[in-house]
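J.: Take a look at the following structure, please.
Throughout, read-outs are computed from the coordinates displayed, never taken from laboratory work. The model shown is predicted, which means the values in this text are computed figures rather than measured ones. Counting neighbours? That spans all protein chains shown, and the Cβs are built from the backbone with ideal geometry, glycine included.
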Amino acid sequence: MSNAPAVTEGTALPAEPSAPRRFLRMLWADKFALAALLFLLLVVLMALLGPALLGDVAQKQNLRGRNAPPFEWARGWLWWMGADSLGRPLLARIIVAARNTVAIAAGAVLASALVGTTLGLVAGYASRRVGEAIMRLADVIMSFPSLLLAVIVLYVLGPSVTNVVLVLAITRIPVYLRTTRAEVLEIRERMFVSAARVMGASPRRIVLRHILPVVLPTLTTLATLDFAYVMLAESALSFLGIGIQPPDITWGLMIAQGKEHLTRAWWLSFWPGLAIILTTLSLNLLSNWMRIALDPTQRWRLEMRGRPDA
Amino acid sequence: MPDHLLEVRDLSVEFHTAGGVVKAVRGVSWHVDRGETLAILGESGSGKSVSTAAILDLIDMPPGRITSGEILFDGRDLLRLGAAARRDINGRRIAMIFQDPLSHLNPVYPVGWQIVETMTAHGLPGARARAEALRLVTRVGLPDPAGALRKYPHEFSGGQRQRLMIAMALAMKPDVLIADEPTTALDVTVQAEVLLLLKELQQETGMGVVIITHDLGVVAEIADRVVVMNAGEIVESGPAREVYHDPRHPYTRKLIGAAPGKGEMHPPLARAEPVLSVRNVRKAYGTFTALDGVSLDLMPGETLAVVGESGSGKSTLARVLLRLDEPDSGEALWKGRDLFRLSPAELFALRRDLQMVFQDPTQSLNPRMTVAQLISEAWAIHPRILPRDRWRARVAELLAQVGLRPEHANRYPHQFSGGQRQRIAIARALALEPELIICDEAVSALDVSVQAQVIDLLDRLRREMGIAFIFIAHDLPVVRDFADHVMVMQRGRVVEHGTVRQVFDSPREPYTRALLAAGLDPDPDVQAARRAALRTERRAAGA
């Protein structure tokens, strides 16, 4: 008997649309992810254009408007969120601060994720001895108080955006390293990895083509959570006076500066805090959407939404 | 209409899924009486488990929805009872055992505690429950019953765990026992023992048994009546003997025809120079000896079946031959070169010649790659085989060769059925144009009718392309129509090795005979005769 008639099922699926269209449609299906993406685009726009457009306004002191309360339309839209203790408009400052904040957070998260993941992949797939060596390195970083490390590095090298990124990146490496290694140890025993080995695939190919794509969703979720952590850690450094130095500003620094006025002028810390929360929340929503949209076995959850027969 | 112990009438259940509404079962009716065994026979996706899930209130709603029907038990419609009343019936009056006992036993409690808990949950005082647990564990035949109660689930073998599940299910002396594929995960010899135990317990207690299975052999061994399901509907029902000997529905006929072990056996091959000769391979994991001096010869184009139960070392043999695991000692000459002593570069070149098809295509195909990517990866790894611009055409060719369509190339593995996935895995192995393919339980995860198709496909590839196969299986009938030589393994050793005719018609070793005898014949009459023979044998031994 020929084998042809056995495979008629599964052939009746509709033709697949092109990739960009498909992703737009999936994005439209998840309105939260769409809103998150729009907000993140706004933040990026603020980071790119903010300092050029509002740099001067954000620095100009106005002692009559000290701690001016929010929602007073008489002063103009820049004062809508109120003003800080030196009478500088908060809205302008938040927009301008977006650049440093995003640069530090993105820089630190990307650097630590990149280094941590690479080391984790090596530690998980290479020989036992190499793996152990890398893990002990991670233990050293984790057991060393991160604040102490920051103080030493920033004291020796001097505070600057690059050095803050460097310090934050180093302290966050073990998070990615340990997660990646644990996942790799599990995935390398899966059958499709054995199948690739039987075909003669090189370790590099197995790690990059077969293992990494499976680990990636976990890592993106981790990275978005870390984004918030890094923003707040940066504000702690700024609070100690070894992070970003005024007149440079970041959202974290704004929160730190507002702390002493918290009982009298809550808006000083509230607005930058809200900016951090919304950014992190958007990143989380978007990464959640991405996890589903990039997984061929889960994609249907988005694609069936918004269809009339669902 | 006479009253039955448990009756399902006109049951329809639908599920809301990605592809819209799926009608899992449509208008299903069956019944079971006291002291009777009903088998629900069907392949995966036939809806055979759905009606029993409805009986035990195990259907999640939503996404599931019972659209019509009633389930009569004790004159009451279970579907109209409240949740508390259902719980009171579940476990106490209607009990269930599952395919995989390990996932249904809590790993952090001793099994004795878990058996006692089923009874105390239904109101039995603790002391009586403990005494009853001991009696049950003794009855289901576990060695050292008192000690067994204190052990944890992982300390038992698969067959012993299923006995524990049966003890637990019988704790409240249920009127109906539902068994969902109770022996599918077990070795054939263990399967026979568990089925025998179920039969004896049924005779003692007079309960009604509903057994859900895909295996005609299980039906033949244990069922009085059978209900055959396909695509959510009952296509045929009746006494097991009648259905087997006089199937009315074409689907039943197809299912019975697909049962392996009835075709022509291969004639013995002419002697030739072996392409692979393995000598004295040993491999131990810690103190466990997985391979204990295994030797074999394989001629070009030959199919060698390696048969053994779990723990016999047959999969280790495959992994060692492909250098997925390193052997402790021994040699394997492939065209005169020792596979175990190749440098990484030489091994890489040889990978082309030796390929493998794994047991479960769901796991052996990377879920994030399309079919085209999966197959063409072979050429990405070995670029000399095929230039990149010819990949698409060759993928289409290979897909056609294994009975799939070229337009399947852009789909992902999860969009295919189990049998289709295994075809993709075979196409991937063929992409390297190998001379030997090792199939590790390549069809045991598939439905019987699909099994037959995949074996047909492999047999055709062997004839057309002269590929040699090492075909690893736990089940003898599967290899009967397909193998040239059969090698039976037990505890890391080869206990019997011969042509397919020798092994099936005149087995020399007692273990081979036991394996052959334990394999269930799909014919109820054959099974009945075997049981009768066994009884006389026992009586003779007792006298």
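J.: Round to the nearest 10 and give me the degree value, 0 to 90, for the angle of helix A:128-143's Cα axis relative to the longest principal axis of chain A.
T.: 20 degrees
J.: Per residue and in Å³, how big is the convex hull formed by the alpha-carbon atoms of segment A:151-263?
T.: Dividing the Cα hull volume of segment A:151-263 by its residue count gives 125 Å³.
J.: Now for a separate question. Treating only the Cβ of Lys, Arg, Asp and Glu as charged (+1, +1, -1, -1), what charge dipole size does the protein assembly as shown show about its Cα centre? Round to the nearest 20 debye.
T.: With Lys and Arg at +1 and Asp and Glu at -1, about 2520 debye.
J.: To the nearest 0.05, how large is the calculated FRET efficiency for B:Arg248 and A:Trp266 if R₀ is 60 Å and r is the Cβ-Cβ distance?
T.: 0.15
J.: If you filter segment B:112-213 for trypsin sites (Lys or Arg not before Pro), then keep DSSP loop positions with at most 14 other Cβ within 10 Å, what is left?
T.: Of the trypsin sites (Lys or Arg not before Pro), the ones in loops of segment B:112-213 whose Cβ has at most 14 other Cβ atoms within 10 Å are B:Arg150.
J.: Using amide H atoms built 1.01 Å from N in the peptide plane, name the residues 5+ places from B:Arg493, or on other chains, whose amide H lies under 5 Å from its own.
T.: Residues meeting the criterion, in which the H sits 1.01 Å from N, are B:Asp292.
J.: With a sphere of radius 14 Å drawn around the Cβ of A:Leu38, what net charge do the other residues whose Cβ falls strictly inside it have (Lys, Arg +1; Asp, Glu -1)?
T.: My count for the surroundings of A:Leu38 gives 0.
J.: Rank A:Leu168, A:Ser194, A:Met254 by how far each Cα sits towards the positive end of the charge dipole of segment A:149-297 (+1 on Lys, Arg Cβ; -1 on Asp, Glu Cβ) and give me just the farthest.
T.: A:Ser194
J.: List, in order, the whole-Hz ³J(HN,Hα) value for each residue of segment A:46-51 obtained from phi through the Karplus relation with A = 6.51, B = -1.76, C = 1.60 and θ = phi - 60°; use x for Gly and Pro.
T.: Taking θ as phi minus 60°, the curve returns 4, 5, 6, 9, x, x Hz for segment A:46-51.
J.: Counting every Cα pair in the protein assembly as shown, what percent are over 51 Å apart?
T.: So the pairs more than 51 Å apart make up 33 percent of the total in the protein assembly as shown.
J.: OK, next. Would you kindly derive the ³J(HN,Hα) couplings of segment A:179-187 from the backbone phi angles with the Karplus curve 6.51 cos²θ - 1.76 cosθ + 1.60 (θ = phi - 60°), listing them in order in whole Hz, with x for Gly and Pro?
T.: 4, 4, 4, 4, 5, 4, 4, 7, 5
J.: Sticking with this structure for a sec: Show which lysines lie in cross-link reach of B:Lys151 when reach means a straight Cα distance below 26 angstrom and same-chain residues fewer than eight apart are skipped.
T.: B:Lys173
J.: Moving on to the next point. Give the cross-link partners of B:Lys254 among the lysines, using a straight C-alpha distance below 30 Å as the criterion and excluding same-chain residues fewer than 8 apart.
T.: B:Lys23, B:Lys48, B:Lys199, B:Lys262
J.: Over what distance in Å are the Cα centres of segment A:48-78 and segment B:497-543 separated?
T.: 93 Å
J.: Below 8 Å between Cα atoms, with a sequence gap of 6+, how large is the relative contact order for chain A in percent?
T.: Worked out over chain A, it gives 22 percent.
J.: Another question, then. Would you please report the Å³ per residue occupied by the convex hull of the alpha carbon atoms in chain A?
T.: 186 Å³
J.: What shape does segment B:106-261 take by its C-alpha gyration tensor, where a ≥ b ≥ c are the square roots of the eigenvalues and a/c under 1.5 counts as rounded, a/b above b/c as prolate, and the rest as oblate?
T.: prolate
J.: Is segment B:276-525 best put as rounded, prolate or oblate by its Cα gyration tensor, with a ≥ b ≥ c the root eigenvalues, rounded for a/c under 1.5, and otherwise prolate when a/b is larger than b/c, oblate when not?
T.: oblate
J.: Below 13 Å, Cα to Cα, which aspartates and glutamates can B:Lys283 reach? Residues fewer than 8 away in the same chain don't count.
T.: B:Asp292, B:Asp325, B:Glu326, B:Asp328, B:Glu331
J.: How high is the relative contact order of chain B? Use alpha-carbon pairs under 8 Å, at least six apart in sequence, and give a whole percent.
T.: 16 percent
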